[in-house]
Amino acid sequence: MTKINKDKEESVFRGNEVMMMLEQMSDGIAVIAEEQKALRIELTGKIDDVRTELTGKIDDVRTELKSEIQEFRDEFNDFRDEVNEKFDSVFEFLSNIEDELVDIRKEINVLKETKADDEKVIELDERVSVLEKQFEMAKVNQGA
């Protein structure tokens with residue numbers, strides 16, 4: 001370096017000024033670091049608050065869902081029991097009708113053999129045949 005350039009450089013930056021600038025920069029960096037640390041602590045607290053609030057809400061929803069599911073299961077079980085009970089009643093009723101039809105058919109056959117009034121026997125026979133067909137259709141539809 002030439003002497004002129006060296007003098008210029010010394011006049012622009014003196015040793016004390018450089019040190020003061022470095023100290024100011026160091027202080028500024030320390031302030032920024034401190035503010036960043038405070039901000040991080042504040043954000044961490046807020047995140048924890050949100051996490052706690054969400055966890056509480058999730059627990060509330062989970063509890064409510066469990067309650068709703070149990071209520072649905074109870075209602076479904078009640079419905080199933082009622083349907084089974086009614087099915088048993090209908091099955092018993094149809095079984096009784098079938099038994100009566102079989103008995104009537106036997107009586108008609110006895111009347112035919114004893115030569116009872118043909119007109120009444122034929123009428124009764126036709127009615128029983130219709131009932132038997134309806135009963136058979138009900139059994140087929142029930143099985144479907």
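The values are calculated or read from the model by the stated rules, or taken from the named source; none is laboratory data. Small disclaimer: the values here were computed from a predicted structure and weren't measured. Neighbour counts are summed over all protein chains in view; Cβ atoms, including those assigned to glycine, are modelled from backbone coordinates with ideal geometry.
Some notes on this structure:
- Any hit, the stretch 13-31, residues being at pLDDT below 80 and either touching a Pro at 6+ places or on another chain (Cβ under 7 Å) or not in a helix (DSSP H, G or I) (or both): yes
- Hits in the stretch 64-110 - residues which are free of Cβ contacts under 8 Å to residues at least 12 places away in the same chain and hydrophobic (A, V, I, L, M, F, W, C): 65, 69, 72, 76, 79, 83, 87, 90, 91, 93, 102, 110
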